[in-house]
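The values are calculated or read from the model by the stated rules, or taken from the named source; none is laboratory data. Predicted model only: the values in this text are computed from it and were never measured. Cβ placement follows ideal geometry from the backbone for every residue including glycine, while neighbour counts extend to all protein chains displayed.
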Amino acid sequence: MNKYQAKRAGLKRRQRRVRAKIFGTAERPRLAVHRTNAHIYAQLIDDADSKTICSASTLDAEFRATGKIGSNKEAAEFVGELIGKRAIEAGVTEVTFDRGGRIYHGRVKALADGARNAGLKF
């Protein structure tokens, strides 16, 4: 196993460990964060019905209109505010945060702070 495969295996192990403890319901969905080198994605997921309530990412038209790039903390905070605004419109005020096996630091933390600024509670 090379270094890249070992890193991916560790990430998958952490994701499974986090997901074993977190479950989204209709009243309190799971705010799942996925981060790549170029973009960041967020989804509100109801695991009981296996449905995505809303989503936001740095690939959305609202984000692209700002002219920002998708791989920094400012972009992550904007996506957090965007998912928070869309969640409030969908009638969701409380969520469970799923960091996706990543450390709660940097872009993941910035997205969480943006969602809190928009009015989500977690």
Restricting attention to segment 69-122, which residues are modelled with pLDDT of 95 or more, of a type in the set (Ser, Thr, Tyr) and over 13 Å from the mean Cα position of the chain (by Cα)?
-> THR93
When you look at VAL79, is it on the phi < 0 side of the Ramachandran plot, in contact with a strand residue (DSSP E or B) (Cβ under 8 Å, 6 or more places away or on another chain) and part of a loop (DSSP other than H, G, I, E, B), yes or no?
-> no
Among the residues of segment 25-68, count how many are among the small types (Gly, Ala, Ser) and either buried (at least 16 other Cβ atoms within 10 Å of the Cβ) or within 15 Å of the chain's Cα centre (by Cα) (or both).
-> 6
Taking segment 17-36 and keeping residues out of contact with any Phe, Trp or Tyr (no Cβ under 9 Å at 6 or more places or on another chain), farther than 17 Å from GLY80 by Cα and either of a type outside the set (Lys, Arg) or free of Cβ contacts under 8 Å to residues at least 24 places away in the same chain (or both) leaves VAL18, ALA20, LYS21, PHE23, GLY24, THR25, ALA26, GLU27
Regarding ARG19, is this residue charged (D, E, K, R), within 18 Å of PHE122 (Cβ to Cβ) and not in a loop (DSSP other than H, G, I, E, B)?
-> yes
